[in-house]
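To keep things clear, I will list the structure first and then write my remarks on it.
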Amino acid sequence: MSVTETTAGTGSRGALAAAATNLGKVYGTGETQVIALEDVSVGFRRAEYTAIMGPSGSGKSTLMHCMAGLDSISAGSVRLGEVELSSLNDKQLTLLRREKVGFVFQAFNLLPTLTALENITLPMDIAGVKPDKKWLDQVIATTGLRDRLGHRPAELSGGQQQRVACARALASKPEIIFADEPTGNLDSHSGAEVLGFLRASVRETGQTIVMVTHDPGAASYADRVLFLADGRIVDEMANPTSDLVLERMKRFDAARLI
Ligand code: ADP
């Protein structure tokens, strides 16, 4: 049974926000060829928080980039909502990404001259889309930054800045948010703030989140963890705890030493 069937086939916990089927990704040709992903099938259900873990070079970023339509694929297919990415031309893909995908990166990528609120609404301002006021209000309530909305990034802590970046990703109500090591630049207290916010956005607003992390503590905020090794999904854990994830990661390390 494939991962897609095990995790997405029941249909009882909501439709899929995104899915890959037999996804393969090869970089380069001939002797320099690298197989970054091989036969990956996975579904991401709506309102579910997934962490992706695995050793460096196992394909985590590549999987996220292929799922988000940021990178071309070599085999299989990727679907965002009901849309098959291969059916789109570049312009359609750009529009789909703008409408359906939110990104959060390790570096907060906020504009220093804009206030927190202006940063949150910037992508919609650029796209000429009016924010849904009620939704924006809910997102702001979840950030816990209501009394900081007029502050510029330099006047906010690292955790607060990353919460602004998360709110910016959420503001346009994307189908799915991809977060690449969102707490990588934060101390543990600020990291916990951001992870708590991401989890709240899943619980309270039904957001779908896929987060790459190397930190078992961060992964424990997710509903499930996918483990990648050598470009394949090799394991999956529901309701992870830090200890269980750490145990699983240690087995990867042990396997590498043998
Ligand atoms: P991870 O995020 O788990 O560290 P990556 O997805 O970045 O892994 O990389 C998976 C594999 O693909 C690695 O062997 C990496 O060197 C290779 N790779 C990633 N991006 C490129 C690229 N643009 N060109 C060539 N090889 C790449």
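The values are calculated or read from the model by the stated rules, or taken from the named source; none is laboratory data. Note that the coordinates shown come from a computational prediction; the quantities given were computed from them, not determined experimentally. Positions of Cβ are backbone-derived with ideal geometry, glycine not excepted, and every protein chain shown enters the neighbour counts.
The single condition among (1) surrounded by 15 or more Cβ atoms within 10 Å (Cβ to Cβ); (2) modelled with pLDDT under 90; (3) not basic (Lys, Arg) that Phe227 does not meet is (2). With a requirement of 2 or more residues that are within 16 Å of the ligand (Cβ to nearest atom), the helices (runs of 4 or more DSSP H) lying completely within the stretch 160-258 that satisfy it span 216-219, 242-257.
Applying the set (1) at pLDDT 90 or above; (2) in contact with a helix residue (DSSP H, G or I) (Cβ under 8 Å, 6 or more places away or on another chain); (3) more than 30 Å from Pro216 (Cβ to Cβ) to Ala154 leaves exactly one unmet item: (2). Here the stretch 49-77 is the region considered, the condition is being β-branched (Val, Ile, Thr) and in contact with a helix residue (DSSP H, G or I) (Cβ under 8 Å, 6 or more places away or on another chain), and the residue that is farthest from the ligand (Cβ to nearest atom) is Ile73. Of all residues in the stretch 49-61, none satisfies being out of contact with any Pro (no Cβ under 7 Å at 6 or more places or on another chain), surrounded by fewer than 22 Cβ atoms within 10 Å (Cβ to Cβ), in contact (Cβ under 8 Å) with a residue 60 or more places away in the chain and aromatic (Phe, Trp, Tyr). Considering the stretch 15-48 alone, what residues qualify as being away from the ligand (no atom under 12 Å from the Cβ), touching a residue at least 40 places away in the same chain (Cβ under 8 Å) and of a type in the set (A, V, I, L, M)? Once the filter is applied, which keeps residues that are away from the ligand (no atom under 12 Å from the Cβ), touching a residue at least 40 places away in the same chain (Cβ under 8 Å) and of a type in the set (A, V, I, L, M), the stretch 15-48 yields Leu16, Ala17, Ala18, Ala19, Ala20, Leu23, Val42, Ala47. Here His151 meets the list (1) without any contact (Cβ under 8 Å) to a residue 60 or more places away in the chain; (2) assigned to a helix (DSSP H, G or I) almost entirely, failing just condition (2).
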